[in-house]
Structures are given as structure tokens and as C-alpha cells.
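See structure below.
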Amino acid sequence: MKKKKLFKSFITIIIILGVLTGLTFLTLDLIDPIKQAFELKSWEVVQEKFAEYGIFSFLVFGFVQGILILITFIPAAPLQIMAGVVLEPIPAFITILAGVFLGNLLMFVIIRILRTNISEYYLKKEKQLENLDKITEEKKLSKKVVFLYFLPVIPYGLIAFTCANSKMKFLKYILITTLGTIPSIILSITLGNLLVDSKIFFFLILILLILTVLTIKYYKVIQKVFTKKPKKNMKFFQNNVKEPGKFVYWFFKNLLKKMFFKKVNLNVKNVEIFANVNEPFILLYNHPSFLDWMYTFIPLYPKRVNAIMAFYYFCNYKLGRLLYRLGCFPKFLYQPDISAIKNIKKVINSGGILGIAPEGRLSAYGELETIAPATEKLLKHLNVPIYIGLIQGGYMTKPKWASNIRKGRVDLEYELLFTKEDLKEKSLEEIKSILYEKLYYNDFIWQEKNKVYFKGDKFAEGLENILYLCPKCNSEFSLETKDSHITCSKCGVDIELNNYYEFITNEKLIPKTIKDWYLLQKDYEAKNVENVDFRLSSSVTLKLPDQKGKGFIESGSGIVILDINGLHYNGTINDEKVNKLFKLQNIPAIPFGANENFEVYHDNTLYYFVPENPKTSVKWSVVGEALYNKYLKETKLHE
């Protein structure tokens, strides 16, 4: 094996030395005649020099043409025009075509067969081209190749390299890369032959030289034009992350800032702590509303943030492509996600800023619920400074259950949470404890202190989609809303939600705030799940991510049961009967859309369940949390 490797290395050295020797000789021997030709504006001096070479003049042009292909990024048109000047048309054509054939053959041998140190030159170039896959669709590639050979400044070597690096068979490769050059060779040689005595000849050569320089500088862009770009689908989004695009980030920063910041009355504090930060860091932020990423990232500009976002948003590929350009990448909520971890490391290793909402879901009631498991392990492992952006008032500005934005106030304050040294010194439990302490927010306590008036239409409408238990009569899903009022169709209780987010009523059993009401539901379900026979069931429609990237598509129907063992789905998936169990220990939280659905991340996809009565979606989330807490409690008792 070592002898074979040494032999390949020896051949490599011989090829390199031969090429360098030949090019050096030609350069030294031709540089003076070419200078004189430009000074005299006559090509006779060069013609006389090549006449001295005799038959070797053909070898010179063939040799240089072959070398240009191996170099990959220098166009051949200037050389071919020169051949038309110095040689007769037919010998010039045969010579250049032979050089093309030899260069293409060597390219194929180097890329496909030798795989020596020389081939690394080409492979490194391929790796430098961001997001390029190997070509697999030969028909599409063949059409592009034939077209590109008609463009005189596109390097033959670049085309040959792309074809050699595809799965194209040798015969097809050599025919396309050799015969495809014939039209442009004929054109260049004819041009050189016609312009020998023309005054614009040197002007033409100058233009070609300028185009050659531009081609050398932008050859990566040229290769992207005809190289197949990877299809931007879910697999692509999961396996790739890029620096946020400068223009698209700037555009949306200005657009969103103009649309929302004045409307929500954003009050930013302590942003100056980032002024001299030039190293990679992580920015954590709490998640009371959908607009939190916007509040937190934009004030840092011109620093641009790579954001982790829920898998859900990338299921629409059009939206996913935009998010990708903005530097975002997907993650499965509450599930181990190796691809997301790899992207996180890519961002940090490239010196970027990583934005994370460690709650992983919107708060249903304006208070910190839980932080995703193992967040502290991730932060300690990455060992970069950790900053937080704490948002208060965000829930009241755009609650999960509301369809509109309420004008009031949002406070945002930045803080350095951990230095590298802090992360090294502190235990995982200490990091976790500090995370809960510093990321804690309660918009109702904040509101009690600040008394902010929130202005908005239909102020209570949508609340019935998260508040499903009447505190007076304990009826479920009997609540209705209209403008700023919430009423129960069973007992007739009437409650007003004022513009300070306080409930106004004479009934003593009604909680003071939305948060208190939601926590009442949690306590109610925590008691219910203590029953050994407890189970929650519903007929559901199952939706899965559309393989064409158009969001979600109806994929089946059946019955879902939630009990102490987990979430059971007994129904169909794409017309096949299935019986799936999502174990309770693997679903610490069940995200839900108010009056829409509840979700489970599993099997590298997202199961989107639409219950028979969509209003019950919130109950599945509350019950799921109660069962998981019961599971944790029982697990500790048995340890």
C-alpha cells in the first residue's frame, strides 16, 4: 500500500515539475517578442518567433491548452485567438482540439482515478463553494455544458472539473467536454486569423485579458451558475446554516423595526454592553410572545444573530428559504436533535451569535414555565459568554390566544449572564438554577407595578381557547367571548377583561388574572391524573409535513389517547393502519396552537394532531404536563 502511495506521489511530482519547467521556458522565451508586438502594434515578431520553433510550435499551443484546463479558472479564448494569428486555421484547430482532449483526459484521471495530492487542489476548490452538491442529473448538466462552451470567457477547465466530479460516465464525459468546445475554438481561431492585420486586434486582446482577470476573480460565482445547487428541503435546512445575509437581514431589520417598535413602544436597556464584544456568544431570551426574537435581535444590529427556530416553520419551504437566508435553522422541540447541535457548533466556531429561546414554546399565561431539558449542558459544553435579553410586557402586547397586537409597552433589558470562566467553574445544577432565576418573568407582576394601559380591539376574544374551565360551575369548554367580556353558557357568569388585564366581576370564585385562571386549570388536571384509570381521548385528524414543502398535509385519522404511559395514536398514516406510542418520558411538554392543534415531535418529524373539537387542544397540553410531572414524581420515589 505504501509503495503504491509513493508511486502516486512520484508521478505527481514529475507532472508538476514538467508543467512548471515547460511554462517557465515558454514565458522566458516569449515575453520579449510579445512586448515588442504590443509596442509595434504588429504581430510579426511573435509569428517569426514561432516560426523558429517549427513543428514544436504546435506542441506549444497543445501543451498550453492542456495546462489551462488543469488550472481550471483561466479562459482559453486568448490562447486560441493567438493560435489563429500564428498558425494556419486547420493546423491551429487540430492542435487546440488535441490539447483540449489531453487536458480533459488528465482532469478525469486526476479526479476519478489518481486521487493523489494533485486532486486535493480541485477538491478543496469544491469545498470552498458553499452549499454545492455533486452533480447527479446528467441530462441537465449536459445541456448547461454545451451552452457554456459558446461563451468565450468561461474556462474549459472549470466545465471539465464539474463534469469529472459528477457521476457522468467516461465516454459521455470525454465526448461532451471535447466536442462541445468545437464551436468556440472555430470562432476564436477564425477571429485571430481575420484580425492579424487589424488595428483593433490588440484592443480585442486587451478586452479578453480584462475578461480573463474578472473570470479568475469570480470563477466561484460562475461555477455556481451551472453547478446543481442542493435542493432546499427539510434535510437541507437541518444540515446547513449560514451567516445571516447582509442585505436581507438589513432589509427585514428596518421593515420590522418600522412596523412594530413604535407600535409596541419598545423600551431597550443596557444594549451598550455589546459595543465591544467581538467574540462569539449566545443570546438567550424569554418567550412570552411570537415577536420576542424581533425585540431581542434588532437592537444588536449591525451584529447579526443566527436563530434556532421550531421545525414547524421550515415545513413550508418558501418560508424556510427566507429563514435560512436570515441565518435561522430548525430544531425538534423537546427532543434530542443531532443536526441542530451540529449547526449550533458551526455558528459558534465561525464566530457567530446564537439566539435561543430556551423555553421552546410560547407562554400560555405570561409567566416562565419550563426550560428545555439539558440546556445547561449545552451552554457549559459550548463555553462561550452567555447573555440574556429579558422581555416584560411582551405577553400582554401579543398574547398566544389573541389575533391582534395591543398597543402598550414592552421592556427589554440585556445582561451578561455567564462568562467563559463562570461556565467552567459552575456545576450544571448551579447553571440551571441561575437560568431559571434570571430568565424568570411574570407579566402580571410587572403589570401590577407599572399599570400600563393596553389598547386593542376585541380585547378578550380568543381567551376561551386557553381558558376552558369555568371556575364557578366547573364546566369545561362552556366559555364564550365577545369584545372584552367572557361568559359561561352553563352558569351565566359574566366577566370583563379591562385594559390593564384585570378581570372585573362580582363573583368571588373568579381568579384575578389570566395567569391565576390558567394555574387553576393546572391544579384541576393534576388532581384528575391521580386517578389510576385516568385517560384523555379524542378522534383526531393527523397532519404531517408535506413532502413538497407546502406546510402540512392531511395524512390520516384515528383516535388519540393520553394516559400515564404516554400518547397513543391508533389510526392511519397514508392509508396504512398504525398503532404508535409516544412514551411519556419523551414528551415533557405538548406544544399546542390555540383552537388549532397539539403537536408531538418524534421520528425525525412533527405529528400535527387536530382534535375533533379544536378548542380542546389546550387541555391536551395541560394534561400532558400534569402526567409528566406525575411521572417525574413517581420516578424519584422509586430511585
Legend entry - Residue pairs meeting the criteria (Cβ under 8 Å; at least 6 apart or on separate chains; first closer than 9 Å to Y414 by Cβ, in segment 270-283; second polar (S, T, N, Q) and at pLDDT 95 or above): L283/T296
Inset, instruction - Report yes if some residue within segment 248-262 is assigned by TED's automatic domain parsing to the domain that holds L326, touching a residue at least 60 places away in the same chain (Cβ under 8 Å) and touching a Ser or Thr at 6+ places or on another chain (Cβ under 6 Å); otherwise report no. - result: no
Inset, instruction - Return yes when G360 is buried (at least 22 other Cβ atoms within 10 Å of the Cβ), closer than 30 Å to T513 by Cβ and in contact with a Leu (Cβ under 7 Å, 6 or more places away or on another chain) and no when it is not. - result: yes
Legend entry - Among the candidates S198, S184, residue that is at pLDDT below 60, out of contact with any His (no Cβ under 6 Å at 6 or more places or on another chain) and in the same structural domain as F101 (by TED's automatic domain parsing): S198
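Do any helices (runs of 4 or more DSSP H) lying entirely in segment 313-388 carry at least 3 residues that are closer than 14 Å to N240 by Cα, and which ones are they?
Numbers: elements: 317-325, 338-349, 375-382.
The qualifying helices (runs of 4 or more DSSP H) are 317-325, 338-349.
So that you can scan it fast, the table gives a plain yes or no per residue for (1) hydrophobic (A, V, I, L, M, F, W, C); (2) in contact with a helix residue (DSSP H, G or I) (Cβ under 7 Å, 6 or more places away or on another chain); (3) at pLDDT 95 or above; (4) at positive phi:
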residue	(1), (2), (3), (4)
T397	no, yes, yes, no
S403	no, no, no, no
V410	yes, yes, yes, no
K451	no, no, yes, yes
E461	no, no, yes, no
N465	no, yes, yes, no
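For segment 587-609, check the following and say yes or no: at least one residue is assigned to a helix (DSSP H, G or I) and surrounded by 22 or more Cβ atoms within 10 Å (Cβ to Cβ). Let's see the steps before the verdict.
Here is the first cut: in segment 587-609, the ones assigned to a helix (DSSP H, G or I) are none.
Scanning segment 587-609 turns up no residue that is assigned to a helix (DSSP H, G or I) and surrounded by 22 or more Cβ atoms within 10 Å (Cβ to Cβ).
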Inset, instruction - Evaluate the following for K583: is it of a type in the set (K, R), more than 24 Å from I553 (Cα to Cα) and free of Cβ contacts under 8 Å to residues at least 24 places away in the same chain? - result: yes
Inset, instruction - Please verify whether segment 342-350 includes one or more residues that are without any contact (Cβ under 8 Å) to a residue 60 or more places away in the chain and buried (at least 17 other Cβ atoms within 10 Å of the Cβ). - result: yes
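For N383, are the conditions met, namely being on the phi > 0 side of the Ramachandran plot, under 28 Å from the mean Cα position of the chain (by Cα) and not hydrophobic (A, V, I, L, M, F, W, C)? Quick ask: steps written out before the conclusion?
Values: on the phi > 0 side of the Ramachandran plot: yes; under 28 Å from the mean Cα position of the chain (by Cα): yes; not hydrophobic (A, V, I, L, M, F, W, C): yes.
When the stated conditions are applied, N383 passes them.
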Legend entry - Condition broken by D422, with the remaining ones in (1) surrounded by fewer than 14 Cβ atoms within 10 Å (Cβ to Cβ); (2) assigned to a helix (DSSP H, G or I); (3) out of contact with any helix residue (DSSP H, G or I) (no Cβ under 8 Å at 6 or more places or on another chain) satisfied: (1)
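Could you say which residue among E359, E367, E376 is acidic (D, E) and in contact with a strand residue (DSSP E or B) (Cβ under 8 Å, 6 or more places away or on another chain)? Break it down into steps so the answer makes sense when it comes.
On the way: E359 fails: in contact with a strand residue (DSSP E or B) (Cβ under 8 Å, 6 or more places away or on another chain); E376 fails: in contact with a strand residue (DSSP E or B) (Cβ under 8 Å, 6 or more places away or on another chain).
Selected residue: E367, the only one of E359, E367, E376 that is acidic (D, E) and in contact with a strand residue (DSSP E or B) (Cβ under 8 Å, 6 or more places away or on another chain).
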Inset, instruction - Check off (1) of a type outside the set (S, T, Y); (2) surrounded by fewer than 20 Cβ atoms within 10 Å (Cβ to Cβ); (3) at pLDDT below 70 for I174 and give me the number that stays unchecked. - result: (3)
Inset, instruction - Sort out which residues of segment 589-609 are under 24 Å from the mean Cα position of the chain (by Cα) and within 14 Å of K400 (Cα to Cα), and write them in order of number. - result: P591
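The values are calculated or read from the model by the stated rules, or taken from the named source; none is laboratory data. Bear in mind that the values here come from a model prediction, so they are computed numbers and not experimental data. Reconstructed Cβ throughout: ideal geometry from the backbone, glycine too, with neighbour counts over all protein chains shown.
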